[in-house]
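Here's the structure, in structure tokens; my notes come after.
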Amino acid sequence: MKKNKLKISVVIPVYNEAESVPELYTRLKTVLAKLSGKQYELIFIDDGSNDSSFEEIQKVYKSARGHVRAFRFKRNFGKAAALSKGFEEARGDIVITIDSDLQDLPEEIPKFIEKLNEGYDLVSGWKQKRKDPLNKTLPSKLFNLVTGMLTGTRLHDLNCGMKAYRSSVVKDVRVYGELHRYIPVLAKFKGYKIAEVRIKHAPRKYGKSKYGMGRFLKGFFDLLTVLFLNSYLKRPMHLFGLFGIVTLTGGVGINAYITYLRLMKGDIAGRYPLLFLGVLLMIVGVQFITTGLLGEMLANMNSSREEYSLGEELESDALLEKKE
Ligand code: UDP
Ligand code: MG
């Protein structure tokens, strides 16, 4: 292991949270100094704020003497992009994410570390008493329930901004679009051990929420993506081929029957709707199969991407030539 290796990286997505930044920094600093001495870094990602967030971050950067790093996006790219930049940059063994609006309490960080040390790879926060309006908490409950049922990742608060990871997890799981909501799911699919801890939650003090109800509809589309990526990314034909064959067979069957009517009875006796259905099924069936083939082409071009996550390895150099 390299000397002076950082222990903890805190990734902080910031979008128009100027008022919160100074207080967040002071509180994080206090907690982390106790926890890991000087071995921590705070990574601020300014997600294209149009208030004075970045000026505040700059002030903090100057006063922090090396513990702060900051990145500023040219425009707002979304929380997933911010997190993903932070994950890429993080150099600690443990990576913590925390919202910058002071709704997550920096003082809860030790709980996460403790849980990680029990042998987990990802620890997610659970805001048991959530300080948000009902139009947020209710859809969120539903979201957690459905995701839990469909993916088997049963967490009470999947989308909690506060989470802790072993660094291998953040280097392994790719977040893009709005998939940050599903990091625990993606991590679990890859075989990482996940757990949750109950945390306190504060109402928003400054600024306003960046998300409305719209996120839940998008969230469910993302769920489909996540499910698909997990099971069929590497073998799209298995899914589309199956749909294709079933639909195509249905269509061919129906049209064979229509053909039989026409040839044997002379006319198809009001079976026009059925004829259309048959034709439709055949076309859709062929399309499914073509989609599957295209998918296979993409998967094939992309096949250099890893398909597994390595846990441990026992290596031997018996076959290596010894150069003296
Ligand atoms: N955020 C971001 N980019 C965005 C939207 C939000 O970096 O496009 C950050 C925001 O600054 C905050 C966190 O993501 O630190 C959570 O956002 P918010 O508090 O608005 O969500 P809520 O708590 O209402 O779910
Ligand atoms: Mg918030």
Among 257-270, 17-30, 160-173, what's the highest-first ranking by average C-beta atoms within 10 angstrom per residue? 160-173, 17-30, 257-270
Charge sum, other residues only, whose C-beta stays under 11 Å from LEU179's C-beta, Lys/Arg counted +1 and Asp/Glu -1: +2
Is there a quick way to get the dipole size of region 174-214? I mean about its Cα centre, with the Cβ of Lys and Arg at +1 and of Asp and Glu at -1; what is the value in debye to the nearest 20? 160
DSSP bridge pairs, the chain: antiparallel proportion in percent, nearest 5: 25
How large is the translational diffusion coefficient of the chain in µm² per second when you combine the Kirkwood radius over alpha carbon pairs with Stokes-Einstein at 4 °C and 1.567 mPa s? 57
Could you state the orientation-averaged shadow area of the convex hull built on the Cα atoms of region 134-187, in nm² to one decimal? 4.1
Only Cα pairs under 8 Å and at least 6 apart count here; give the relative contact order of the chain as a rounded whole percent. 16
With +1 on each Lys and Arg Cβ and -1 on each Asp and Glu Cβ, how big is the dipole of region 134-266 about its Cα centre, in debye rounded to the nearest 20? 540
So if I average 1/r over every pair of distinct C-alpha atoms in region 155-307 and take the inverse, what Kirkwood radius in Å does that give? 19.8
Sort 221-232, 99-110 by the packing proxy (mean of other Cβ within 10 Å over each peptide's residues), most packed first. 99-110, 221-232
For the chain, with only Lys/Arg (+1) and Asp/Glu (-1) charged at the beta-carbon, what is the dipole magnitude about the Cα centre, in debye rounded to 20? 740
By the DSSP-based rule, helices of the chain that are at least 18 Å long along the axis (C-alpha) and have a mean Kyte score of at least 1.6 are 272-301
Quote the relative contact order of region 1-82 in percent (integer), defining contacts as alpha-carbon pairs under 8 Å separated by 6+ residues. 36
What Kirkwood hydrodynamic radius, in Å, does region 247-317 give when the mean of 1/r is taken over all pairs of distinct Cα atoms and then inverted? 15.8
Packing rank of 130-140, 72-82, where each peptide gets the mean count of other beta carbons within 10 Å, highest leading: 72-82, 130-140
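Each value in this text was obtained by applying a stated rule to the coordinates, not by laboratory testing. All values reported here derive from a predicted model rather than from experimental measurement. Backbone-built Cβ (ideal geometry, glycine too); neighbour counts: all protein chains shown.
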